[in-house]
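Down below is the structure, laid out as structure tokens.
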Amino acid sequence: MTQFSGKTALVTGSTSGIGLGIAGALAARGANVLLNGFGDAEGALAAVRDAAASQGGRVAHHGADVSQPAEVEAMMRYADDVFGGVDILVNNAGIQHVAPVEEFAPERWDAVLAINLSSAFHTTRLALPRMRRKGWGRIVNVASVHGLVASAHKSAYVAAKHGLVGLTKVVALETARTNITCNAVCPGWVLTPLVQAQVEARAVSGGLALDVARDELLAEKQPSGQFVTPEQLAELVCFLSSDAAAQVRGVAWTMDGAWTAQ
């Protein structure tokens, strides 16, 4: 399980949900892990330290607001100072806002694009020089099925995730002759706090029980009728970060219960 011993992983947006699951899985395989995000940082640190305990990796947290380029730069300097740089970069930070285009507040558009797309550009541009010097690196962008298909009322999110898939392909081409890879994972519905809020809103607006609202949400898009789990996504990220995936480059890998097969 020491597949990533000696490597350092930065996972943005990793104090809960998908990011926390990815961070724990990388730590369990021997990586040092730099967490990032708001919320319960101490709880996330404790969970990932537990995962790292048998492998000896170090775990730290940086609270950069990744919508701010200067704070991203500070976080990357911290990674250099504490860990000697980032070998595995997982761009996971994301927010959502739902409204018709004509009612979409411009400041919400800017915030979604800054966190869901621009932050990945900034971490990538800062991580790549060291990866090139070291001759090895892995970049995994957590996109979404909404990087491949659209849903109404999610203009900023869909635009950002499509952009993230496009950025993934460009970086893959620019690193194609190196031992650096860049790929995207595109999950469907995952029961994160963000999605749970959508389930609860549906239940309130429709006068439904929570389990009924959840089943209706899944039935609209995800033929499997089951949520993707953070643990399943974490295993996929670990594969894409492994030497076995050295020639998996520029893909947008769906894990969506057949959502995009329709």
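Give the average over all directions of the projected area of the C-alpha convex hull of the range 28-183, one decimal, in nm².
The Cα convex hull of the range 28-183, projected and averaged over all directions, gives 9.8 nm².
Would you mind getting the accessible area per residue of the chain, heavy atoms of the protein chains only, 1.4 Å probe, in Å²?
Value returned for the chain: 43 Å² of accessible area per residue.
If each DSSP helix of 4+ residues adds -39,500 (n - 2.57) and the sum is divided by the residues in the chain, what number results at 222 nm, nearest 500 deg cm²/dmol?
That calculation yields -14500 deg cm²/dmol at 222 nm.
Describe numerically, in nm with one decimal, the distance between label points set 7 Å from Cα along Cα→Cβ at Thr2 and at Ala152.
With each label placed 7 Å out from Cα toward Cβ, I get 5.6 nm.
Mind listing the phi-derived Karplus ³J(HN,Hα) values for the range 219-230, rounded to whole Hz, using 6.51, -1.76 and 1.60 with θ = phi - 60°, and x for any glycine or proline?
5, 5, 10, 10, x, 5, x, 10, 6, 6, 9, x
Measure out, as a whole number of angstrom, how far apart the alpha-carbon centroids of the range 182-196 and the range 33-91 sit.
Computed from Cα coordinates, the inter-centre distance equals 20 Å.
Less than 24 Å apart at the alpha-carbon level, and either on another chain or at least 8 residues along: which lysines does that give for Lys161?
Reachable lysines: Lys169, Lys221.
In terms of solvent-accessible area of protein heavy atoms at a 1.4 angstrom probe, what is the ranking of Trp136, Trp109, highest value first?
Trp109, Trp136
Give me the percent of the accessible area of the chain that comes from carbon and sulfur atoms, probe 1.4 Å, all protein chains in place.
Solvent-exposed carbon and sulfur of the chain make up 54 percent of the total.
How many percent of the alpha carbon pairs in the chain exceed a separation of 24 Å?
Value for the chain: 45 percent of Cα pairs lie more than 24 Å apart.
What is the packing order of peptides 13-25, 84-96, 169-181, taking the mean over residues of other C-beta atoms within 10 Å and listing the highest first?
Highest-to-lowest ranking by the protection proxy: 13-25, 84-96, 169-181.
Going by the alpha-carbon gyration tensor, a ≥ b ≥ c the square roots of its eigenvalues, is the range 1-97 rounded (a/c under 1.5) or, if a/c is not under 1.5, prolate (a/b greater than b/c) versus oblate?
The shape class here is oblate.
The values are calculated or read from the model by the stated rules, or taken from the named source; none is laboratory data. What you see is a predicted model, and the numbers here were worked out from it, not measured in a lab. All Cβ positions, glycine included, derive from the backbone under ideal geometry; neighbour counts span all protein chains shown. In case anyone asks, the SASA skips ligands and DNA or RNA and just uses the protein heavy atoms, side chains included. Shrake-Rupley method; radii C 1.70, N 1.55, O 1.52, S 1.80 Å.
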